[in-house]
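I have placed the structure first, in the form of structure tokens, so that the comments after it can refer back to it.
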Amino acid sequence: MLEESKFLKFKSECHNLLNLCGEINNNGSFKSTLSNFQNASQLSAEKIVAQDITNLFQATIASDSSNLNVNAKFCFWFTLETLRNHNFIYNNDSNYFFQTYNSPNHQKRVEEWKSSFGKISNILIIAGLLKDAPELKLRIENTLQNILTQMMLCKGFLNDKDESILKTVKVARDIKHQSAINNDTLELALKDLDALIGLNNVKLMVKELKNFLEIQQLREKEKLPRVSSSLHSVFSGPPGTGKTTIARIIARIYKHLGYLEKGHLVEVDRSAVVAAYVGQTAIKMNEVIDSAIGGVLFIDEAYSLAPSGSMNDYGKEALEVLLKRMEDDRDKFVVIVAGYSDEMKIFIDSNPGLKSRFNQYISFQHYKPAELLEIFKSLCKKYSFSLALDAESKLSDIFEMADEKKQENYGNAREVRNLFELVVRQQANRLVSCKEINSITLSAIDETDIPDVKLTVDLLLNGMTSN
């Protein structure tokens, strides 16, 4: 059966999918488009996405029979059950899912989903219904692509047929460019670093790196040789712990110390640099690197470029291009690779070229409960909310309980932001029935706006839902 760590990541992706379906169901243009269907009252985003998942999974089997393996079938079933029953995914016992999968009922349920729509199509039904909601369309395509990729990787690698099917879901995730800040200074960059909540070990390492580079500058001015050191870094740790934010600050520091010309950040993942056909991956990776010249190339979930057991995966081609350009364009750009701790260690150890080029390792830890509370309070301050003492106490209990039960995929600050949005919606529901609404009541968050402690802990551990 699927390894625990891989299952937890897949489960997290299914949470994202469920959350997205909730947003889609509430989207005006989607509801308007859906109303044209004869059986509109019986349809939902969950049912439509379930059919898309079924179509895609069947397409993967048709192109490569090795995709029909025990783990892939489990992932397929798990996705459909998540969409069928919203409460299903909130069980924290992994064995519960494995045991349920082996029960005689699961095949029957899968068949019910497969027969719910009729004719199978290779075109995403949900994408067609979201043509007037491009942001949602992009997000659902990304999520479906991630889920399908993880199903295919159950056999240990992706081949050219797999990549071709992934291209039908979405050509590539957008490359995110973070421009350099106008009128920025080294002092401002360090001030932003100090302003971050928690991350004490990370801040210390960044400042030690800054000190080292400053001294090398002074040595150069005094006609002394610089002590060479690679600026490329490995960021490892759980999600939602500020890896991208720190990467942006490091890019600014490198610029102000004269090590980078522009100091911008280019953020990508596998889908932005790996293509479906031989030769195309090299072109895509070179284009991404060209855009990062003078700045930092940040590769999230970098271990997906070298999946375990892969022999014919095009991620290998992307890595070969990256390593060559890191040598050919040395000192012109900096690479930061990021992801879960165990996977990043395996990734770096898998290739001698990677091991020799990365010698800066920064480990990101889970936020402490008190730090998560501070992050929540900082969001309140940003949006001019005041947090009542009993509400603060309730949140403190929530973060303490979640900390005791957390696993590696715990979303940390990311889930705190989602919780903040949920609390604000709860407050809005409370206020609409009030007779008198003023600036004080609009700003106040009280204990009743915070959901039930046990329920909220489960949501934090499993991914906040928008429902």
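Only one entry in Ser103, Ser66 is part of a loop (DSSP other than H, G, I, E, B), assigned by TED's automatic domain parsing to the domain that holds Ile126 and farther than 19 Å from His15 by Cβ, namely Ser103.
Which condition does Ala428 not pass, out of (1) touching a strand residue (DSSP E or B) at 6+ places or on another chain (Cβ under 8 Å); (2) hydrophobic (A, V, I, L, M, F, W, C); (3) surrounded by fewer than 19 Cβ atoms within 10 Å (Cβ to Cβ), if it passes all the others? It is condition (1) that Ala428 fails.
Every listed requirement among (1) touching a helix residue (DSSP H, G or I) at 6+ places or on another chain (Cβ under 6 Å); (2) part of a loop (DSSP other than H, G, I, E, B); (3) more than 27 Å from Val416 (Cβ to Cβ); (4) of a type outside the set (A, V, I, L, M) is met by Gly240 save one, (3).
For Ala282, indicate whether it is of a type in the set (A, V, I, L, M, F, W, C), surrounded by fewer than 23 Cβ atoms within 10 Å (Cβ to Cβ), modelled with pLDDT under 85 and within 19 Å of Arg325 (Cβ to Cβ).
no
Is it the case that Ala292 is assigned by TED's automatic domain parsing to the domain that holds His232 and free of Cβ contacts under 8 Å to residues at least 60 places away in the same chain?
So Ala292 passes the test.
From the list Asp342, Asp331, the lone residue that is in contact (Cβ under 8 Å) with a residue 24 or more places away in the chain and either touching a Cys at 6+ places or on another chain (Cβ under 9 Å) or assigned to a helix (DSSP H, G or I) (or both) is Asp342. Considering every residue within region 59-77, establish whether at least one is hydroxyl-bearing (Ser, Thr, Tyr), crowded, with 19+ Cβ neighbours inside 10 Å and either touching a His at 6+ places or on another chain (Cβ under 7 Å) or under 17 Å from Glu141 (Cα atoms) (or both). Yes - at least one qualifying residue is present in region 59-77.
So Lys31 passes all but one of these: (1) within 29 Å of Leu419 (Cβ to Cβ); (2) under 26 Å from the mean Cα position of the chain (by Cα); (3) modelled with pLDDT of 85 or more. Which condition number does it fail? For Lys31, the failing item is (2). Within region 169-188, being modelled with pLDDT of 65 or more and either more than 25 Å from the chain's Cα centre (by Cα) or under 30 Å from Ser66 (Cβ atoms) (or both) holds for Val169, Asn182, Asn183, Asp184, Thr185, Leu186, Glu187, Leu188. Quick check: is even one residue across region 201-222 under 30 Å from Gln150 (Cα atoms) and surrounded by 14 or more Cβ atoms within 10 Å (Cβ to Cβ)? No, every residue in region 201-222 fails to be under 30 Å from Gln150 (Cα atoms) and surrounded by 14 or more Cβ atoms within 10 Å (Cβ to Cβ).
Collect the residues in region 201-220 that are within 19 Å of Asp331 (Cβ to Cβ) and not basic (Lys, Arg), keeping them in residue-number order.
Leu209, Phe212, Leu213, Glu214, Ile215, Gln216, Gln217, Leu218, Glu220
Put simply, of Lys394, Lys377, Lys382, Lys345 the only residue that is of a type outside the set (A, V, I, L, M, F, W, C) and either crowded, with 22+ Cβ neighbours inside 10 Å or not assigned by TED's automatic domain parsing to the domain that holds Asp446 (or both) is Lys345.
If you check Asn36 against the conditions, is it of a type outside the set (Val, Ile, Thr) and within 21 Å of Thr143 (Cα to Cα)? So Asn36 fails the test.
The values are calculated or read from the model by the stated rules, or taken from the named source; none is laboratory data. Please read these numbers as outputs of a predicted model, since none were measured by experiment. When we count neighbours, we look across all protein chains shown, and the Cβ atoms used for this are built from the backbone with ideal geometry, even at glycine.
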